[in-house]
Structures are given as C-alpha cells and as structure tokens.
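Chemist: Handing you this structure, nothing more for now.
Just so you know, all these numbers are worked out from the coordinates, no wet-lab data involved. Predicted model, so just to flag it, every value in this text is computed and none were measured. So basically every Cβ, Gly included, is an ideal-geometry build from the backbone, and we count neighbours across all protein chains shown.
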Amino acid sequence: MGYPIKGKTALVTGANRGIGEAVVEALVAAGAAKVYAAARQLTDLAPLTARHRGRVVALQLDVTNPAQIAAAAAAASDVQLLVNNAGFAGHSGGAFTDPTWITAGRREMDVNFFGTLAVTQAFAPVLARNGGGAIANVASVASLVNFALLASYSASKAAVHSLTQAARVMLKGQGTQVFGVYPGPIDTRMAEGIPFDKASPADAAKAIVAGIEAGNEEIFPDPMSQGMGAGYLANPKEIERQMIAMAG
Ligand SMILES: NC(=O)c1ccc[n+]([C@@H]2O[C@H](COP(=O)([O-])OP(=O)(O)OC[C@H]3O[C@@H](n4cnc5c(N)ncnc54)[C@H](OP(=O)(O)O)[C@@H]3O)[C@@H](O)[C@H]2O)c1
C-alpha cells in the first residue's frame, strides 16, 4: 500500500547532513506539511531551517540519549512518518582479529540498532494516535550481505533489517506501515573512503520518498542497490558467493 506524503508531518533523524538532509528536502518537495529535522547539534540545522522557514522545524535528538528521545516524542506529537536515518560507521578495513571491530562495533550497534529501536519505541504510540502512519528505516545493502571492509557496521545494519521486519509484524495491529531502505554507496561524509561509484544524496532521497509513496516495503534507492537488491531477492546465497569472489 502506498503512503502519500502530501500534507503529512514527518520526522527525520540525522537530518543535518548527507542522506538525512536530502530526505528532508525531498519530503518538502513532495508536499509534506511539516518536517521535524532532528540532529545532535541544533546549530547544524540552521541552513536547512532557514531554507524552509516554518515548514522545517529543528529538534535536538541524539538517538542514544533516552531523555532526548522522550522529549522529542513529547514535542513532536503530530508525527505521522518517522524516518530513522541517523547512522554511524566506526571502523573499516584491516584484519579480522583487530580489536577495533569490537569497540567500533559496540558504538555502531548503539547508534544504528539500539538508537533506531529506542526512537521507534518512543514514536510508535505517537504514530498510533495519529492514525498509524509509517516508519522508514535507513538500513543498507550491507544489511543483506556483509561487506567485510565494514564488517561490524554491516552486522549492525543487518540488525536494523531484522528490526524492520519485527516492527512490520508488531506494529501492524496499529496500522503502521514499515519500510526498509537499503542504499548502496551514496556520496556523503560516511562514504568518503569507500572505493565505489556513488549516487548523489539528492537522487537517493528522491528515490526513498518515491518508494514510500509507491508502498515498496524494500526500497533500493540507487543503481548499485537496485542491482544487488534484485540479486538478493532472487538468490541471497549467490550474492554472498560474489562477495567472496570479489575479495579474491
Ligand atoms: N553513504 C552511504 O554510502 C550509505 C549507504 C548505506 C546506508 N547509509 C546509511 O544512511 C544513513 C545516513 O548516512 P549518511 O550517508 O548521510 O552519512 P553521514 O553524512 O555521515 O550522516 C550521518 C548522520 O547521522 C547522524 N548521527 C550519527 N550518530 C548519531 C546519533 N547518536 N544521534 C543522532 N544522529 C546521529 C550524524 O550526525 P552528526 O553530524 O551529529 O554526526 C549525521 O547527521 C545512515 O544510517 C547510514 O548508515 C549510508
């Protein structure tokens, strides 16, 4: 079932840069009545709110901070669409035995998995009160097959994929639609060191919003993820074999 954006009130986490900022722009372009742009530092949101005075509202939200999550859910009680976009990648490359996979991995789980879970728990009753609404979780193609260059990040994004499935089941009764977003490489600060062709955040954001409006439960918002996504849906083991072959 499609979820039309026109006239809706949305909230986007990690909205101060990258994909999150572009999703705010795309939601405004699609006719959202109001978008809460949530970020750790309110000052980082000044350019975005200045571009859309009155329609984009700044909100402080570190997704690992329970007090800020509770305050955000109380302040943004009119939210109908929650976009869990905030994310963190703490370590890439190196040997499997590197202990940094564990220290970085804990933080990645904190932000990507527990952050998404905690924000979703806080906003689920808000969405229910506002008619059910929708949630879009920004996972990754690395949710579907592990990119060993980002081994622990991939594991945290696999957890986001699993959480997306859980939310789809557990929030069905309150009428909440749940979308999983699985981007490939997008040209943001997070992907600076990643040696692949990258899509622009603006193009990815437009595809994310189009996917929500079309009712696509799995949204592949760029050429790389579209190829991998189709391959994954057809034959997940073959995608894993291709990753092993690429590693040599
Ligand atoms: N770029 C890619 O290739 C790619 C591919 C697949 C999936 N993704 C996912 O897309 C999402 C957006 O990433 P991006 O590419 O736009 O990267 P980015 O430019 O690094 O942006 C990450 C955003 O997450 C925010 N964030 C990090 N920790 C947070 C926390 N504890 N609380 C609240 N916000 C926090 C950052 O805020 P600060 O500015 O305060 O740090 C920033 O706004 C992430 O979930 C990422 O995993 C990205």
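Chemist: Tell me the residue from VAL181, VAL141, VAL145, VAL160 that is over 17 Å from LEU82 (Cα atoms), within 10 Å of the ligand (Cβ to nearest atom) and in contact with a helix residue (DSSP H, G or I) (Cβ under 6 Å, 6 or more places away or on another chain), please.
Modeler: Numbers: VAL181 fails: over 17 Å from LEU82 (Cα atoms); VAL145 fails: within 10 Å of the ligand (Cβ to nearest atom); VAL160 fails: over 17 Å from LEU82 (Cα atoms).
Among VAL181, VAL141, VAL145, VAL160, only VAL141 is over 17 Å from LEU82 (Cα atoms), within 10 Å of the ligand (Cβ to nearest atom) and in contact with a helix residue (DSSP H, G or I) (Cβ under 6 Å, 6 or more places away or on another chain).
Chemist: Any residue at all in region 37-46 that is more than 25 Å from PRO183 (Cα to Cα) and away from the ligand (no atom under 15 Å from the Cβ)?
Modeler: So far as region 37-46 goes, no, none of its residues is more than 25 Å from PRO183 (Cα to Cα) and away from the ligand (no atom under 15 Å from the Cβ).
The rows are residues; the columns are (1) within 20 Å of LYS6 (Cβ to Cβ); (2) touching a residue at least 60 places away in the same chain (Cβ under 8 Å); (3) away from the ligand (no atom under 11 Å from the Cβ); (4) among the polar types (S, T, N, Q).
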| position | (1), (2), (3), (4) |
| --- | --- |
| ALA166 | no, no, yes, no |
| GLN174 | no, no, yes, yes |
| ALA205 | yes, yes, no, no |
| GLY215 | yes, yes, yes, no |
| ILE219 | yes, yes, yes, no |
| GLY229 | no, yes, yes, no |
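Chemist: Of all residues in region 77-97, how many are buried (at least 16 other Cβ atoms within 10 Å of the Cβ), β-branched (Val, Ile, Thr) and out of contact with any Phe, Trp or Tyr (no Cβ under 7 Å at 6 or more places or on another chain)?
Modeler: Final tally of qualifying residues: 1.
Chemist: Still on this structure, I have one more. Select from region 119-156 the residues that are outside any helix (DSSP H, G or I), within 30 Å of ALA95 (Cβ to Cβ) and polar (S, T, N, Q) and list them in ascending order.
Modeler: Correct list: SER140, ASN146.
Chemist: On to the next question. Sort out for me the helices (runs of 4 or more DSSP H) sitting completely within region 1-118 that have 2 or more residues that are in contact (Cβ under 8 Å) with a residue 60 or more places away in the chain.
Modeler: Filter on region 1-118 gives 18-29.
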